[in-house]
1. Identify, by number, the condition in (1) more than 25 Å from Ser134 (Cα to Cα); (2) modelled with pLDDT under 95 that Glu37 doesn't meet.
2. Contact list please: Cβ distance under 6 Å, first residue in the stretch 103-126 and in a helix (DSSP H, G or I), second residue among the β-branched types (Val, Ile, Thr), pairs at least six apart or on different chains.
3. Given the conditions (1) of a type outside the set (D, E, K, R); (2) under 23 Å from Arg153 (Cα atoms); (3) surrounded by 12 or more Cβ atoms within 10 Å (Cβ to Cβ), and given that His69 satisfies all but one, which numbered condition is not satisfied?
4. Anything in the stretch 130-164 that is assigned to a helix (DSSP H, G or I), of a type in the set (Ser, Thr, Tyr), in contact with a strand residue (DSSP E or B) (Cβ under 8 Å, 6 or more places away or on another chain) and farther than 17 Å from Phe85 by Cα? List them, or say none.
5. Would the stretch 59-81 turn up any residue that is over 29 Å from Glu38 (Cα atoms), without any contact (Cβ under 8 Å) to a residue 24 or more places away in the chain and of a type in the set (Phe, Trp, Tyr)?
6. Taking the conditions exactly as written (on the phi > 0 side of the Ramachandran plot and either touching a helix residue (DSSP H, G or I) at 6+ places or on another chain (Cβ under 6 Å) or in contact (Cβ under 8 Å) with a residue 24 or more places away in the chain (or both)), does Gly92 satisfy them or not?
7. Kindly indicate the residue of the stretch 82-112 that is aromatic (Phe, Trp, Tyr) and under 17 Å from Glu37 (Cα atoms) and also surrounded by the most Cβ atoms within 10 Å (Cβ to Cβ) among those meeting that condition.
8. Within the stretch 88-102, identify whether any single residue is within 20 Å of Tyr57 (Cα to Cα) and out of contact with any Phe, Trp or Tyr (no Cβ under 9 Å at 6 or more places or on another chain), and answer yes or no.
Amino acid sequence: MIKLYLPVLIIFMSVSAAFASQHRVLYVVDGDTLVIEEGNVHHKVRLIGIDTPESRYNYKTLRDSKRTHQDIQAIIRQGKRAASFVKTLVKGGDYITLEFDAEKYDRYGRFLAYVYLSDGRMLNDLIVRAGYASPMTIAPNVKYSSLFRKSYRYAREKKAGLWK
């Protein structure tokens with residue numbers, strides 16, 4: 001009897017481990033990064049699979065400007081709009097749940113995660129679908145890449161968010 005239930009138990013434990021704990025949001029850094037509290041430790045969380053424009057001048061802003069031929073100040077304005085949108089969905093004091101993919105950290109030591117709001121909606125997808133982010137797939141973290149591409153097409157077709 002135990003042999004029969006063991007595989008079910010293992011599957012249940014691995015699924016629930018991905019959604020095991022809630023974390024308190026301290027603040028929104030920008031359109032695709034949050035800071036959370038885990039115990040007494042603060043962690044940056046980079047939302048997997050999406051990319052929003054930069055909300056301040058840095059190397060990536062310059063690189064994006066050269067790549068898109070867009071004015072740096074226009075990129076920063078778009079980044080601030082994306083961050084403002086995210087702040088309407090999540091703010092300091094809210095509780096979120098993290099789902100990790102193949103890699104838990106990026107090269108900067110930030111958590112790489114799909115973020116779920118307290119109502120169960122995935123923040124990453126909400127941002128793309130509302131037109132404030134583009135899909136950014138970096139293997140091996142590809143679990144929801146097709147969802148993000150579909151949401152991106154929807155936002156572009158509806159001229160939502162930054163695509164107005």
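The values are calculated or read from the model by the stated rules, or taken from the named source; none is laboratory data. Predicted, not measured: the structure shown is a model, and the values here were computed from it. Here the Cβ is made from the backbone with ideal geometry for all residues, glycine too, and neighbour counts use every protein chain on show.
1. (2) is the only condition that Glu37 fails.
2. Pairs found: Leu123/Val115; Asn124/Ile50.
3. It fails just one condition, (3).
4. Scanning the stretch 130-164 gives a single hit, Ser145.
5. Within the stretch 59-81, one or more residues are over 29 Å from Glu38 (Cα atoms), without any contact (Cβ under 8 Å) to a residue 24 or more places away in the chain and of a type in the set (Phe, Trp, Tyr).
6. no
7. Phe111
8. no
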